[in-house]
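The values are calculated or read from the model by the stated rules, or taken from the named source; none is laboratory data. Every value quoted in this text rests on a predicted model; they were computed, and no experiment measured them. Positions of Cβ are backbone-derived with ideal geometry, glycine not excepted, and every protein chain shown enters the neighbour counts. Ligands, DNA and RNA are excluded from the accessible area calculation, which covers all protein heavy atoms including side chains. Shrake-Rupley method; radii C 1.70, N 1.55, O 1.52, S 1.80 Å.
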Amino acid sequence: MALLEVIALDARDAVAAQEGGADRLELVADMAADGLSPLPGVVAEVLAATDLPVRVMIRLADGFRPGDLNALVRRTVELRNAGAQEFVFGFLMPDGAVDLPVVTRIVDELDGAPWTFHRAIDHCADRAALRAAVAELPGLDGFLTAGAASGVDDGIATLIAEATGPQRVLAGGGLRLTHVPRLRAAGIDAFHIGSGARPHGWESPVSAEAVRLWHTAVDVPIR
């Protein structure tokens, strides 16, 4: 069966996503900045409201530069202290290469916890080099990617080409239901939705009905 990850902003979203059949949550704040770290109190509330796995964003500023590393490490510690056990992050250098020292520093703080390298990969200078550079880092089990900075419409061929790599491809970023059959046929079995779970926009909560529709679509067996 495929994995469906849904973006949650709060406990209400988490409850609705679980009701609709989500398999995992990505917990973020401030979607106007494309998803930043939530406050530790929100993490605790979400973890109390659902028994789904919750991947918590480690990111303090819009864009893909890490900013203040000390602040980033402090937030990571706070998130872990609030109960977070899974994470999502990824940082780039000005030249578009992975910021390996920063990524490694955060990984060290996670002490083996599972994590996803997020869509910074879609904005990097060399996807293959980035994947190779982080491949052996402890806990890494997938890449959240649209295949292109502009979204799945332009990146679907890249997603399909990377489907058989050592880490799981979590397809997301402009993902539509019409993309799912082709991605499933290529062997991709993990999908990430944000606006797809909110038919009335980001000002409205997650819709359990919308999540249920996606869950049905992605769980169609691969022929």
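Residue by residue, here is whether (1) open to solvent by 60 Å² or more (accessible area, probe 1.4 Å); (2) under 17 Å from the mean Cα position of the chain (by Cα); (3) of a type outside the set (Val, Ile, Thr) holds:
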residue	(1), (2), (3)
Ala32	yes, yes, yes
Pro40	no, no, yes
Ala61	no, yes, yes
Phe64	no, yes, yes
Glu78	yes, no, yes
Ala97	no, no, yes
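Take the residues of the range 166-188 that are modelled with pLDDT of 95 or more and basic (Lys, Arg): which is surrounded by the most Cβ atoms within 10 Å (Cβ to Cβ)?
Restricting to residues being modelled with pLDDT of 95 or more and basic (Lys, Arg), the top hit is Arg184.
Need pairs with beta-carbon distance below 7 Å; first residue modelled with pLDDT of 95 or more and within the range 192-210, second of a type in the set (Ser, Thr, Tyr) and assigned to a loop (DSSP other than H, G, I, E, B); sequence gap 6+ or separate chains.
Listed by first residue and then by second, the contacts come to Ala197/Ser207; Arg198/Ser204; Arg198/Ser207.
I need the full set of residues from the range 20-53 which are outside any loop (DSSP other than H, G, I, E, B), farther than 15 Å from Val206 by Cα and touching a helix residue (DSSP H, G or I) at 6+ places or on another chain (Cβ under 7 Å), in order please.
Going through the range 20-53, the residues outside any loop (DSSP other than H, G, I, E, B) turn out to be 20, 24-27, 29, 31-33, 36, 40-49.
Pick out the ones that are also farther than 15 Å from Val206 by Cα and you get 32-33, 36, 40-45, 47-48.
Result: Pro40, Val43, Glu45.
Please work out if Gly83 is among the small types (Gly, Ala, Ser), open to solvent by less than 50 Å² (accessible area, probe 1.4 Å), in a loop (DSSP other than H, G, I, E, B) and closer than 20 Å to Ala8 by Cβ.
Working: among the small types (Gly, Ala, Ser): yes; open to solvent by less than 50 Å² (accessible area, probe 1.4 Å): yes; in a loop (DSSP other than H, G, I, E, B): yes; closer than 20 Å to Ala8 by Cβ: yes.
Yes; evaluated as a whole, the condition is true for this residue.
With (1) of a type in the set (A, V, I, L, M); (2) surrounded by fewer than 21 Cβ atoms within 10 Å (Cβ to Cβ); (3) modelled with pLDDT of 95 or more as the list, and Ala163 as the residue in question, which single condition is left unmet?
Only one criterion in (1) of a type in the set (A, V, I, L, M); (2) surrounded by fewer than 21 Cβ atoms within 10 Å (Cβ to Cβ); (3) modelled with pLDDT of 95 or more is unmet by Ala163, namely (3).
Only one of these is among the β-branched types (Val, Ile, Thr), closer than 29 Å to Gly41 by Cα and in contact with a Ser or Thr (Cβ under 6 Å, 6 or more places away or on another chain): Val77, Val107, Val88, Val103. Name it. Talk me through it step by step, then tell me what you get.
On the way: Val77 fails: in contact with a Ser or Thr (Cβ under 6 Å, 6 or more places away or on another chain); Val107 fails: in contact with a Ser or Thr (Cβ under 6 Å, 6 or more places away or on another chain); Val103 fails: in contact with a Ser or Thr (Cβ under 6 Å, 6 or more places away or on another chain).
Exactly one of Val77, Val107, Val88, Val103 is among the β-branched types (Val, Ile, Thr), closer than 29 Å to Gly41 by Cα and in contact with a Ser or Thr (Cβ under 6 Å, 6 or more places away or on another chain), namely Val88.
Return yes or no: is Val77 of a type in the set (A, V, I, L, M) and in a helix (DSSP H, G or I)?
Values: of a type in the set (A, V, I, L, M): yes; in a helix (DSSP H, G or I): yes.
Spelling it out, Val77 is indeed of a type in the set (A, V, I, L, M) and in a helix (DSSP H, G or I).
Looking at Asp108, Asp95, which is the one that is outside any loop (DSSP other than H, G, I, E, B) and not hydrophobic (A, V, I, L, M, F, W, C)? Give the steps one after another, and end with the answer.
Details: Asp95 fails: outside any loop (DSSP other than H, G, I, E, B).
Checking each option against the conditions leaves just Asp108.
Restricting to the range 149-160, name every residue that is open to solvent by 20 Å² or more (accessible area, probe 1.4 Å) and outside any helix (DSSP H, G or I).
Selection gives Ala149, Ser150.
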